[in-house]
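Structure record follows, encoded as structure tokens.
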Amino acid sequence: RGTNTPLENREQKLLWAKNKRLISHNDNAALIGRGAVANPAIFREIRGGKPLTTEELITFTEALKENYSQILDSDVFTLHKLKEIWLYIMENFPDEKKILKTIRKTNNLGEFMNTIYTLPTIKNSLS
């Protein structure tokens, strides 16, 4: 990991996020969409906070799984929702093509969760 240096001003923060392909912006507004899905800690990082960790992603996914399961009342629908989100989250793990393939192919919520538990530490750094 790189150092966790707070970014000095709004322009540096926007440039950092744009370079990480997390937002698009102009002088008046910023659009944060898939970037926030891929990195749930984006707002903390823009403010100079600590980078996203694999453990946070797993905790985030466990919470989503519980909530989706209650709302959708279906493991199949919950699995599809989580797989859709994890296609973006996997951008944090560019070298894990085998795990991405397993995520895409899994048809079982338990197998999906076991797969994400095998992820290594995220290698992203603030730059």
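Would you mind checking LYS50/LYS98; LYS65/LYS105; LYS81/LYS101; LYS50/LYS101; LYS50/LYS105 for any pair whose Cα atoms are more than 24 angstrom apart? Intermediate results must be reported in sequence, preceding the final value.
Details: LYS50/LYS98 28 Å; LYS65/LYS105 18 Å; LYS81/LYS101 16 Å; LYS50/LYS101 29 Å; LYS50/LYS105 32 Å.
Long pairs (Cα-Cα over 24 Å): LYS50/LYS98; LYS50/LYS101; LYS50/LYS105.
What does the charge count near LYS101 come to, summing +1 for each Lys or Arg and -1 for each Asp or Glu among other residues with Cβ under 14 Å from its Cβ?
Numbers: positive: LYS83, LYS97, LYS98, ARG104, LYS105; negative: ASP95, GLU96, GLU111.
Once positives and negatives cancel, what remains is +2.
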Net charge within 10 Å of TYR68 by Cβ-Cβ distance, Lys/Arg positive one each and Asp/Glu negative one each, not counting TYR68 itself? -1
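Values quoted throughout were computed directly from the atomic coordinates according to the rules given, and no laboratory measurement underlies them. Keep in mind it's a predicted model, so treat the numbers as computed, not measured. Neighbour counts run over all protein chains shown; Cβ positions are idealised from the backbone, glycine included.
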